[in-house]
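All remarks here apply to the structure that follows.
Read-outs throughout are calculated quantities, based only on the coordinates presented, and are distinct from any laboratory measurement. In this text the structure is predicted, and so the values were computed from the model without any measurement. For neighbour counting, all protein chains shown are included, and Cβ atoms are generated from backbone atoms with ideal geometry for every residue, glycine included.
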């Protein structure tokens with residue numbers, strides 16, 4: 001069985017959850033205020049770095065925010 005998507009509840013002061021679609025390389029991030037963003041062309045390595053980082057928010061701000069095209073939901 002091939003895993004195509006991973007969804008996580010996260011421990012962050014700004015982010016509630018995130019999910020990653022491996023084949024599409026899209027990252028959905030849901031923030032505490034209810035905003036949702038889909039980031040495109042996010043590599044699996046970046047997703048795993050985010051998932052395993054000591055601070056989800058710091059990693060997000062440094063490695064994702066401003067570096068990937070996104071859509072709001």
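With contributions of -39500 (n - 2.57) from each DSSP H run of at least four residues, the per-residue ellipticity at 222 nm computed over the chain stands at -3500 deg cm²/dmol.
The residues 42, 29, 10, when put in order of fewest to most other Cβ atoms within 10 Å, stand as 10, 42, 29.
What Kirkwood Rh does the chain have if only Cα atoms enter the pairwise 1/r average? Answer in Å. About 12.2 Å for the chain.
Taking the number of Cβ atoms within 10 Å of each Cβ as an exposure proxy, the fewest-first ranking of 8, 73, 50, 28 is 73, 8, 28, 50.
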